[in-house]
Amino acid sequence: TTLVLGASANPERYSNRAVKRLLAHGHPVIAVGRREGAIGDQPVLAQVPPGAIVDTVTVYLNAHNQEAWERIILDLAPARIIFNPGAENREFAAKAEAQGIEVLEACTLVMLGTGQY
């Protein structure tokens, strides 16, 4: 399961496109954003559901907006965190790496398009 942090119902946003492409590639998605809504049939939630099991977190929030989510994400203990362009955060990345989480500064859309996801 991939948690898309910073998901937006706005089809112009890259996070919206990422949710659609992840689903099209058969990846289960939990979409979490600042506002509840939907991306097609996929709900956009304001919080991570209790008990969520997440393999990958792909981040679409800038470093400042990530602060409130750091502990929540680290407590999920995903296998990897992808910081998309504009979401790079060396401090958060270092905390994740210290916990044994793989960290990538990459574009989820490119990774999906090139088969590297």
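The values are calculated or read from the model by the stated rules, or taken from the named source; none is laboratory data. What you see is a predicted model, and the numbers here were worked out from it, not measured in a lab. Neighbour counts are summed over all protein chains in view; Cβ atoms, including those assigned to glycine, are modelled from backbone coordinates with ideal geometry. Just so you know, the surface numbers come from the protein's heavy atoms only, side chains and all, with ligands and any DNA or RNA stripped out. Shrake-Rupley method; radii C 1.70, N 1.55, O 1.52, S 1.80 Å.
Applying the selection to segment 46-71, what residues are open to solvent by less than 60 Å² (accessible area, probe 1.4 Å) and more than 18 Å from Arg21 (Cα to Cα)? Show your work before the answer.
Quick first cut of segment 46-71, residues open to solvent by less than 60 Å² (accessible area, probe 1.4 Å) only: 46, 48-49, 52, 54, 56-61, 63, 65-66, 69-70.
Scanning segment 46-71 gives Ala46, Val48, Pro49, Ala52, Leu61, Ala63, Asn65, Gln66, Trp69, Glu70.
Considering segment 1-45, and only residues there that are among the small types (Gly, Ala, Ser) and not in a loop (DSSP other than H, G, I, E, B), the residue that is most open to solvent (accessible area, probe 1.4 Å) turns out to be Ala24. Quick check, is Asp75 farther than 16 Å from Arg13 by Cβ, open to solvent by 20 Å² or more (accessible area, probe 1.4 Å), of a type outside the set (A, V, I, L, M, F, W, C) and without any contact (Cβ under 8 Å) to a residue 12 or more places away in the chain? When the stated conditions are applied, Asp75 passes them. Within segment 84-104, the set of residues being farther than 14 Å from Thr56 by Cβ, open to solvent by 30 Å² or more (accessible area, probe 1.4 Å), in contact (Cβ under 8 Å) with a residue 12 or more places away in the chain and not small (Gly, Ala, Ser) comprises Pro85, Glu88, Glu91, Lys95, Gln99. Please verify whether Glu70 is of a type in the set (Asp, Glu) and touching an Asp or Glu at 6+ places or on another chain (Cβ under 8 Å), treating the condition exactly as stated. Criteria not met by Glu70.
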